[in-house]
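Engineer: One structure, as structure tokens, below. Some questions next.
The values are calculated or read from the model by the stated rules, or taken from the named source; none is laboratory data. For clarity, every value in this text was computed on a predicted model and none was experimentally measured. Here the Cβ is made from the backbone with ideal geometry for all residues, glycine too, and neighbour counts use every protein chain on show.
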Amino acid sequence: MIIPLDKLLRYNRNKYIFSRAIMEAVEKIGNMKTFPEDESKWKVVPHVLRLMLDEKVKFEYREESDQEKE
């Protein structure tokens, strides 16, 4: 299976931020060296989800303060 469900269920941080990071990473798959190049590459979101859960693709979340937004 492409998605490691055990890791997904154990993920204990903010799942909304994690899913937003996945969608941002999907937009940048051309820059990923670990993205598969075989016949299964059309399954983009599950592959990126697996890469992020396996920590092969990392994301950094910085919370913006109200002053930075203005």
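Engineer: Select from the stretch 54-70 the residues that are part of a loop (DSSP other than H, G, I, E, B) and of a type in the set (Lys, Arg) and write down the one among them that is modelled with the highest pLDDT. Steps first, please.
Structural biologist: The initial filter retains those residues of the stretch 54-70 that are part of a loop (DSSP other than H, G, I, E, B), namely 54-65, 70.
Then drop every residue that is not of a type in the set (Lys, Arg), which leaves 56, 58, 62.
Working: 56: 85, 58: 82, 62: 79.
Checking each candidate, the answer is 56.
Engineer: Pairs under 9 Å by beta carbon, first residue surrounded by 10 or more Cβ atoms within 10 Å (Cβ to Cβ) in the stretch 36-63, partner acidic (Asp, Glu) and modelled with pLDDT of 85 or more, six or more apart or different chains?
Structural biologist: 59/24
Engineer: Can you pull out the residues in the stretch 20-53 that are under 23 Å from residue 10 (Cβ atoms) and at pLDDT below 75? Spell out how you get there, then give the answer.
Structural biologist: Let us first name the residues in the stretch 20-53 that are under 23 Å from residue 10 (Cβ atoms), namely 20-26, 34, 43, 45-53.
Listed by number, the list holds a single entry, 34.
Engineer: Only residues in the stretch 3-29 that are farther than 12 Å from residue 50 by Cβ count as the first member; pair them with residues that are in a helix (DSSP H, G or I) and modelled with pLDDT under 85, Cβ under 7 angstrom, at least 6 apart or cross-chain, and list the lot.
Structural biologist: 26/44; 26/45; 29/44
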